[in-house]
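S.K.: Sharing a structure below in structure tokens format, with a few things to ask.
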Amino acid sequence: MPLKQIHLAAQFPSVSNITVWSDPRSESQIDFGSFAKLAATAERGRFDFFFLSEGLRLREHNGRVHDLDVVGRPESLTVLSALAAVTTRLGLAATVNSTFNEPYEVARRLATLDHLSEGRAAWNVVTSYDAFTGENFRRGGFLDEADRYTRAAEFLHTARELWDSWRPGDIRAAADSGEFLRSGAGTFAHRGRHFDISGRFVTPRGPQGHPVIIQAGDSPEGREFAAADADVIFSRHGKLEDGRAFYKDVKGRLARYGRRPEDLKIFPSVSYVLGDTRKEAVEHAAEIHRAQVSPQNAMMHVEAVWGRDLSAYDPDGPLPEIAPEPDNLISKGNTQFRGDRAATARRWREIARARGLSIRELVVEVTAPQTFVGTPRQVADEINEFVQTDAADGFVFVPHLTPGGLDDLVDRVVPLLQEKGVFREDYTGTTLRDHLGLNPVRAPRPDDAPPPAGETAPRTKETS
Amino acid sequence: MTRLHLAVALDGAGWHPAAWRARDARPADLLSAAYWADLVSEAERGLLDFVTFEDALGLQSASIDAPDDRTDQVRGRLDAVLLAARLAPLTSRIGLVPTTNVTYTEPFHIASGIASLDHASRGRAGWRPQISVRAADAAHFGRRTIPVLNLDDVRDGRTTEFIGGLFRELFGEAADAVEVVRRLWDSWEDDAEIRDVATGRFVDRDKLHYVDFEGRHFSVRGPSMTPRPPQGQPLVTALAHATVPYEFAARGADVVFVTPHSRAGTATILAEVRAAETTVRREGTPLRTFADLVVFLDDAPGEAAERKARLDDLDGALLASDAEIFTGTPGELADLLLDWRDAGLDGFRLRPGALPHDLTAITTGLVPELRRRDAFRTGYEADTLRGLLGLPRPANRYTTSATP
């Protein structure tokens, strides 16, 4: 059986504590040069795509802006569009929220990026529902938690209808005959629970038809959403056994939607640390993890889980004896702390007690990202084992340094994967769908009749 | 002699609806980055101050309100902010001014989009907020109802009062959007990022500010996701034809585009603009004023008019525009610009009738002609858009402590 080909993606260092801003090599998180440099590294490494996360409200801790991690980032589609000018093959993936946006605008912006990058656009569809984020928006806080996936699904379906409202070849641009476009191109009508819209879509079909769709939720609803509708799913299952279980579960859901296992690519999110020997790499990884958890950051984590101010405690001392107030959400805008905080507190106490860990040591232990640690050859072997044994189709690498955090992965690990024949020596296609080995999007056929004319008239007519 | 400022408004194949059928047009490339890169590079070679990019949340139409089903004119466009961002790394001095809608688009998203464009272009971003009065656009969102306007009713004045009210409401909301966006741009002080390893703090949160805007149509808490842009406040522009939009511009814009049809008309409009500044009690720098002109330029006398007439024939109608339509030679246009300029304008935003022809005629014909008269720059004198227009980098409204 031929070896599976590995897919690789790069995430720009995020606003979580994985990013070590205190390192002297750490450069600007906002200057375009940082984005261009990391994207160039990813493209030099022949990565499938470059990925930007998104935030719509600065995180808060104890009622004030959280100040211990990187704060601030540019708008993802705007940066990716600029990056399209300085890259030629690398896929460009934007995170765009389906709760605080409207399908018409998101569809036109993604179609625009697809045109301007000649077929390299991807959309990581995320949802949120909290009134905290909603305070920045017109229709703030309007969504029930239970509705976030129903809205996301309808949002995505509506966007697909908008992209399909233009067929390939609808722009004729025939100067002699005077026909610029097909009559009726862009006509759409969508009537649903969340969206009731109709008219003409403004941006003609992009080179990929639809951008690549990414989904990142791990809940059963998130997995189902991905199985039905996504091309790529991000996961947190970077351990071999967990990865295989997740892979089997998600791929097993595809048949229900008439899709093949290869139609959805699974990308766990991981970090890596290299050394000339395993021992050196392990030591280096320990240093990085410690740098990721400053004393202040350790206290912030414990306060967030305990739901109370613990500023009197020593980060190098034991966990507080006082009981948590798990109903008290003091860290806002951070999904990490949204779960069952009482259970987390119990688990942390057990780990700390069993291993005699201080607060900071505990937080280093429990927040360490899933990481490949070893010599370049060991890391290449491990990456390959994950993919060949169906624990992943590829990985999103999350570097801890901006912008140089992928240099040694590209220089030292990627060549070994290429040597094994499991990773491309060069791009073989031009679009992100090509890189991912996805089937082209089926173009709507000419006999996919546009909705009847009456349906497309603005409904507002009756009020004039 | 004060020099003129020159901008170019880019849209599709040019401002004539039949421009895509001209001999050197590239109608199949209107959605490609290469087409726009060529145009903006040409504008930058001509040392123009900035280019604007049109946009709308609905398909172009020959009718004022409803979409049409004409197939013989350019239809379809790209998002202007993303288009400007795509061109930012390919240029180094020219300003990039996209249009965005403010009737439907969230101010919070606009603020970070334009700020991100300013970061990506290192201080060359501008913005033209635009309202939408089209019922068809409202139906693309399904969140508000705007009645369909009947052209006969509009012409006969039966809807004058209603339209006036609608415009006042939409411009009022637009003014709120501009205010929110400007507050969000200031919501980070310039030195908010401190990276203080000793205390573990990446930012000084006393230098991040909630904007706490409460208006009739929306409220926005802040701060922005995006640190303060390089220019502090990217250049805000507005196209205006009447008192309500003049006041909108006077409230929130740095530059106003106006549409006079003569030198006398220029003086009248500028008086109205100054009156609007007084009405809204504008403080600080007065509005920079640019007149819009649609231009067809050829070196041989009469040739531009003939070229326009051929395009009119192809389109089946005389070109209609809110702005004055000029046909002639670069020398004749230079005469007109300097004459109108003396009525008090800072510059002009030229709308090329056909692309790339009339853009190239501006950069290689008009610009040298103006330079011969010492009326246009011979080199870029600043590396930000505000700098090119002689506008200072504004102090941050939230900064309390005096910074040296």
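The values are calculated or read from the model by the stated rules, or taken from the named source; none is laboratory data. None of the values given here were measured: they were computed from a predicted structure. Glycine also receives a Cβ, built like all others from the backbone with ideal geometry; neighbour counts cover every protein chain displayed. Each accessible area value is taken on the protein alone, full model and side chains, heavy atoms only, with ligands, DNA and RNA left out. Shrake-Rupley method; radii C 1.70, N 1.55, O 1.52, S 1.80 Å.
S.K.: How much accessible area does A:Ser311 have with a 1.4 Å probe, in Å² rounded to the nearest 10?
M.R.: 90
S.K.: Further, regarding this structure: Would you kindly state how much longer the chain becomes between A:Arg182 and A:Arg442 on full extension, computed as 0.36 nm times their sequence separation minus their alpha carbon distance, in nm to one decimal?
M.R.: On the way: separation 260, 0.36 × 260 = 93.60 nm, distance 1.91 nm.
Taking A:Arg182 through A:Arg442 to full extension adds about 91.7 nm, to one decimal.
S.K.: If you place +1 on the Cβ of every Lys and Arg and -1 on the Cβ of every Asp and Glu, how big does the dipole about the Cα centre of segment A:279-367 come out, in debye to the nearest 20?
M.R.: That gives segment A:279-367 a dipole magnitude of about 260 debye.
S.K.: Would you mind giving the three semi-axes, in whole Å and largest first, of the ellipsoid equivalent to the protein assembly as shown according to its Cα gyration tensor?
M.R.: Values: eigenvalues 461, 187, 142 Å².
In descending order, the three semi-axes are 48, 31, 27 Å.
S.K.: Sticking with this one: Quickly rank A:31-38, B:317-324 as a protection proxy: mean count of other C-beta atoms within 10 Å, highest first.
M.R.: Values: A:31-38: 19.4, B:317-324: 14.1.
My ranking of the peptides, most packed first, is A:31-38, B:317-324.
S.K.: Taking 7 Å along the Cα-to-C-beta vector as the label spot, tell me the A:Arg25-B:Ile194 distance in nanometres, rounded to one decimal.
M.R.: Here the modelled spin labels are 2.8 nm apart.
S.K.: Right, something else. Using the per-residue mean of other Cβ atoms lying within 10 Å as a proxy for protection, in what order, highest first, do the peptides B:111-121, B:143-153 fall?
M.R.: Final packing ranking: B:111-121, B:143-153.
S.K.: Further question on the same structure: Where Lys and Arg each count +1 and Asp and Glu each count -1, what net charge lies around B:Glu193 among other residues with Cβ under 14 Å from its Cβ?
M.R.: Summing Lys and Arg as +1 and Asp and Glu as -1 gives -4.
S.K.: Also, quick follow-up: Taking a ≥ b ≥ c as the square roots of the eigenvalues of the Cα gyration tensor of segment A:279-367, is the shape rounded (a/c under 1.5), prolate (a/b larger than b/c) or oblate? Intermediate results must be reported in sequence, preceding the final value.
M.R.: Numbers: a/c = 1.84, a/b = 1.58, b/c = 1.17.
The shape class here is prolate.
S.K.: Can you figure out the FRET efficiency of A:Lys279 with A:Ala245, using R₀ = 22 Å and their beta-carbon distance, to the nearest 0.05?
M.R.: 0.10
S.K.: Would you please give the residues with an amide H less than 5 Å from that of A:His210, counting only those at least 5 places away or on a separate chain, with H modeled from the backbone geometry?
M.R.: Residues meeting the amide H criterion: A:Val441.
S.K.: Could you size up the charge dipole of segment A:116-227 around its Cα centre, putting +1 on the beta carbon of Lys and Arg and -1 on that of Asp and Glu, and report it in debye to the nearest 20?
M.R.: 360
S.K.: While we're on this one: Taking amide H positions as placed in the peptide plane 1.01 Å from N, state which residues far from A:Leu92 in sequence (5 or more) or on other chains have amide H under 5 Å from it.
M.R.: A:Phe50, A:Ala121, A:Ala122
S.K.: Whole-Hz Karplus ³J(HN,Hα) for segment B:301-306, in order, using 6.51 cos²θ - 1.76 cosθ + 1.60 and θ = phi - 60°, x for Gly and Pro?
M.R.: x, x, 5, 5, 5, 5
S.K.: Pull out a ≥ b ≥ c, the square roots of the eigenvalues of the alpha-carbon gyration tensor of segment B:12-128, then state rounded if a/c is under 1.5, prolate if not and a/b is larger than b/c, and oblate in the remaining case.
M.R.: Judged from the Cα gyration tensor, segment B:12-128 comes out oblate (a/c at least 1.5, b/c at or above a/b).
S.K.: Give the percent of DSSP beta bridges with both residues in chain B that are antiparallel, rounded to the nearest 5.
M.R.: Bridges in chain B that DSSP calls antiparallel: roughly 10 percent.
S.K.: Measuring from label point to label point, each 7 Å out along Cα→Cβ, what is the A:Arg256 to B:Thr279 span in nm?
M.R.: For A:Arg256 paired with B:Thr279, the spin-label model returns 6.1 nm.
S.K.: Positive end of the dipole of segment A:279-367, charges at C-beta (+1 Lys, Arg; -1 Asp, Glu), about the Cα centre: which of A:Pro295, A:Ser311, A:Leu362 has its Cα farthest in that direction?
M.R.: Highest projection toward the positive end goes to A:Leu362.
S.K.: Something else about it: Starting at the first residue of segment B:252-261, write each ³J(HN,Hα) from the Karplus equation 6.51 cos²θ - 1.76 cosθ + 1.60 with θ = phi - 60°, in whole Hz, x for Gly and Pro.
M.R.: Residue by residue, segment B:252-261 yields x, 9, 9, 10, 10, 9, 10, 10, x, 10 Hz.
S.K.: Here is a further query. Tell me, how many Å apart are the Cα centres for segment B:1-64 and for segment A:239-309?
M.R.: 47
S.K.: Can I ask one more? Report, by chain and number, residues whose modeled amide H sits under 5 Å from the one on A:Phe372, excluding near sequence neighbours (fewer than 5 apart, same chain).
M.R.: The list, which skips near neighbours in sequence, is A:Ser271, A:Tyr272, A:Val273.
S.K.: Further question on the same structure: Note down the magnitude of the dipole of chain A about its Cα centre, charges +1 on Lys and Arg C-beta and -1 on Asp and Glu C-beta and zero elsewhere, to the nearest 20 debye. Walk me through the numbers before you get to the answer.
M.R.: Details: 58 positive and 67 negative charges, 171 e Å.
Dipole about the Cα centre, nearest 20: 820 debye.
S.K.: Just the accessible area per residue of the protein assembly as shown, please: how many Å² with a 1.4 Å probe?
M.R.: For the protein assembly as shown, the solvent-accessible area averages 37 Å² per residue.
S.K.: Restricting to DSSP H runs of at least four residues, report the calculated mean residue ellipticity at 222 nm for the protein assembly as shown, -39500 (n - 2.57) per run over all residues, nearest 500 deg cm²/dmol.
M.R.: Rounded to the nearest 500, the figure is -10000 deg cm²/dmol.
S.K.: Once the Cβ-Cβ distance between A:Ile322 and A:Ala131 is put in as r, and R0 is 30 Å, what FRET efficiency do you end up with, to the nearest 0.05?
M.R.: The value I calculate is 0.55.
S.K.: Karplus couplings for segment A:383-395 from phi (6.51 cos²θ - 1.76 cosθ + 1.60, θ = phi - 60°), rounded to Hz, Gly and Pro as x?
M.R.: Along segment A:383-395, the couplings run 4, 5, 4, 4, 6, 5, 9, 6, 9, 5, 9, x, 9 Hz.
S.K.: Which of the trypsin sites (Lys or Arg not before Pro) found in segment B:145-198 are loop residues per DSSP with 12 or fewer other Cβ atoms within 10 Å of their Cβ?
M.R.: Working: sites: B:Arg155, B:Arg158, B:Arg168, B:Arg182, B:Arg183, B:Arg195; in loops: B:Arg158.
Listed in order of number, the matching sites are B:Arg158.
S.K.: Could you check what % of the DSSP bridge pairs in the protein assembly as shown are antiparallel, to the nearest 5? Working shown, then result.
M.R.: Values: 17 of 86 bridges.
Around 20 percent antiparallel, to the nearest 5.
S.K.: Subtract the Cα-Cα distance of B:Asn150 and B:Leu166 from 0.36 nm times their separation in residues, and report this length gain in nm to one decimal.
M.R.: Length gained between B:Asn150 and B:Leu166: 4.3 nm.
S.K.: I want to check the label-to-label distance for A:Arg139 and B:Asp68. Put each point 7 Å from Cα in the C-beta direction and report it in nm to one decimal.
M.R.: Between A:Arg139 and B:Asp68, the label points sit 3.3 nm apart.
S.K.: Am I reading the B/A interface right? What is its buried accessible area, both sides, 1.4 Å probe, to the nearest 100 Å²? Intermediate values should be presented prior to the final figure.
M.R.: Working: alone 18090 and 21280 Å², together 32350 Å².
Counting both chains, the buried surface is close to 7000 Å².
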